[in-house]
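Working notes for the structure below.
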Amino acid sequence: MSDTTKITAWVTLLGLIITTGQALTTWIDKRRAESLARIEQQSKIATEFLKMLIEKDTTQPTRLMLWDAISELPEHPLSVWAKKKHDDEMLFSARMAEHWKVSEKIAREKGSTTDEIAKLQAELSEAVELKDKAVREGRTDDAGVFHTKIVDLETKIADRRAFLTGLAEQEAEINREKLAALGGLSRELTPAQASAVAAVINTISVEFVAHLEPSAAERIRMHLPYLLAAFREFGVDDVGLGLAIVAECAHSTVWFNSLTEREIAGRSYEGIAGNIEPGDGVRFRGRGYIFITGKAAYQRMGELLGLGNALLVSPDDAARPETAARIAVALFMERKEEIVTALSAGKFEVVHRIITGDLARVGPAGEIYNRMVASLPVDPASYRVFVQFAGLIERENVKAMMKKWADAGWGVQGAGSGGERTAAAAGLAEVRYGRATDATAAAALARLVEAQKLSERPMTTVFTPIINPGVLEVWVSSK
């Protein structure tokens, strides 16, 4: 092959390569443009989907569909994330569906059990009347038969009430799981916190509250278990806080007598508190153990309790005992720290204002709260007691006094050394405490000190905010 021929061949080959390269470049550019166009189109679609997802009124089924749609955009950077979100939402929905299923079963059982208790109580009332009549007429045998029936009915009623309490506890656990999943006020408790919650529930028992208001005992037995279940759900671990909740509920409902405002009251709410549509005032009038009023409040509480729009769809649900209890406790738990601080300082009026916004009628709720505080059982072992003394009091006498307290169960500190002699105690005869709910224990200890006759002065109790909860300080001198 001549040199000319070779050159011609190479030039031809080079031209072919250039032509092919140009075609390839054109193809690549076209593919890149098509890919960018697809990505841009998918980004626009994803943007629209995301806008719909963050809309407040988008329903859960629609959200699932949108997550699934985004996950099907193969070239979009959010597709993997959307797939995981879709799967997580599916699992969440399945759990919620199961929770609602169990809740509905519990609601049915509570309804039938409540009806059963009402029938048993009617039979009991009749049996008591027949027994009394038999006694008056001297029919001893008949009176004995009716007495046996009364005992049997009382046993059945107690059993049904215990079952009702168990249902309330089951519902509280279900609600706790739902709120935990939704990120609500419910929280996981440490063993110490769980123990504190149990102590609160044991202290504020049905028997304790019913004893304070015998005329409302039956209603207390019916409604208080729901509040105690909500205490467990939300982790109410302070006795004062628990008493304040019960006091406000008792005041608002006249001891659980009425959980819904009259329609005429609702008319005054038209056009305010989120009530926009005609009739909203009556529709969203006050309901619950502590009334929530207005459409905005119903919506907020529904979201807070993980109920979505359920209270907007069915406002009457706010007056159902289990929901009313959760609303009441949630209102307190939202501002727990502030409320506990006020209660520790003995300022119930501050708590009343926080919860109701009303200072004018603090009296009834405050009176109920104070009665409960004054009636609290005293557990000496739960207190640490310190003694400061002055004057002519002999240390050995102080040691003997402190030993008697320890023998009575008080958590006396420094009993071996016989307390602390200090000039600061001169002229004093008082027991100091730092939490309002410790007042009863302080008074009990003051009576013990006074019985020892170490001082010529009568013992008094003094609220001293700087003292820690569960601590009592005895300050005493000879004169």
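No lab work stands behind these numbers, since they all come straight from the coordinates. Given the structure is predicted, the values throughout are model-derived calculations rather than measurements. Here Cβ is always computed from backbone atoms with ideal geometry, including for glycine, and neighbour counts include all displayed protein chains.
Give me the net charge for the shell around Ala273: Cβ to Cβ below 14 angstrom, other residues only, Lys and Arg +1, Asp and Glu -1. Please list the in-between numbers first.
Details: positive: Arg267, Arg283, Arg285, Arg287, Lys295, Arg300; negative: Glu261, Glu270, Glu277, Asp280.
Taking every Cβ under 14 Å from that of Ala273, the sum is +2.
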Ala345 paired with Arg395, simple spin-label distance in nm, labels 7 Å along Cα-to-beta-carbon: 4.0
Selection of GluC sites (Glu not before Pro), region 371-479, meeting DSSP coil and at most 13 other Cβ within 10 Å: Glu394, Glu456
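List the pairs from Lys156/Lys295; Lys110/Lys347; Lys403/Lys479; Lys336/Lys399 whose alpha-carbon separation is above 32 Å, in the order I gave them.
Working: Lys156/Lys295 42 Å; Lys110/Lys347 38 Å; Lys403/Lys479 23 Å; Lys336/Lys399 41 Å.
Violating the 32 Å limit, Cα to Cα: Lys156/Lys295; Lys110/Lys347; Lys336/Lys399.
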Additional length obtainable on full extension of the chain from Val462 to Thr203, 0.36 nm per residue less Cα span: 90.8 nm
Where labels lie 7 Å past Cα in the beta-carbon direction, separation of Lys105 and Glu213 in nm: 3.5
Integer Hz, Karplus 6.51/-1.76/1.60 couplings in order for region 139-149, x for Gly and Pro: 8, 4, 4, 4, 4, x, 4, 5, 4, 4, 5
Label-point separation in nm, Ser112 to Asp358, each point 7 Å along Cα→Cβ: 4.0
Derived scalar couplings ³J(HN,Hα) [region 258-273; Karplus, 6.51 cos²θ - 1.76 cosθ + 1.60; whole Hz; x for Gly, Pro]: 9, 9, 9, 5, 5, 4, 4, 5, x, 5, 6, 9, 4, x, 10, 6
Qualifying trypsin sites (Lys or Arg not before Pro) for region 192-267 [loop in DSSP, other Cβ within 10 Å: at most 11]: Arg262
Alpha-carbon centroid distance for the pair region 439-479 / region 235-307, whole angstrom: 42
For Arg287, Arg320, order by how many other beta-carbon atoms lie within 10 Å, fewest first: Arg320, Arg287
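Name the trypsin sites (Lys or Arg not before Pro) in region 124-161 that are in a loop by DSSP and that have at most 15 other C-beta atoms within 10 Å, would you?
On the way: sites: Lys131, Lys133, Arg136, Arg139, Lys149, Lys156, Arg160, Arg161; in loops: Arg139.
When the trypsin sites (Lys or Arg not before Pro) of region 124-161 are filtered for loop state and at most 15 Cβ neighbours within 10 Å, Arg139 remain.
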Net charge, Lys404 excluded, C-beta distance under 14 Å - Lys, Arg +1, Asp, Glu -1: +1
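By the scheme Lys and Arg +1, Asp and Glu -1, what is the net charge of all other residues having a beta-carbon under 13 Å from that of Arg432? Intermediate results must be reported in sequence, preceding the final value.
Working: positive: Arg384, Arg435; negative: Glu430, Asp438, Glu473.
Summing Lys and Arg as +1 and Asp and Glu as -1 gives -1.
Could you tell me the calculated FRET efficiency between Glu270 and Arg335, based on Cβ-Cβ distance and R0 = 35 angstrom, to the nearest 0.05? Working shown, then result.
Numbers: r = 29 Å, r/R0 = 0.82.
In this case the efficiency is close to 0.75.
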Gain upon complete extension [Lys404, Ala194; 0.36 nm per residue less C-alpha separation]: 72.3 nm
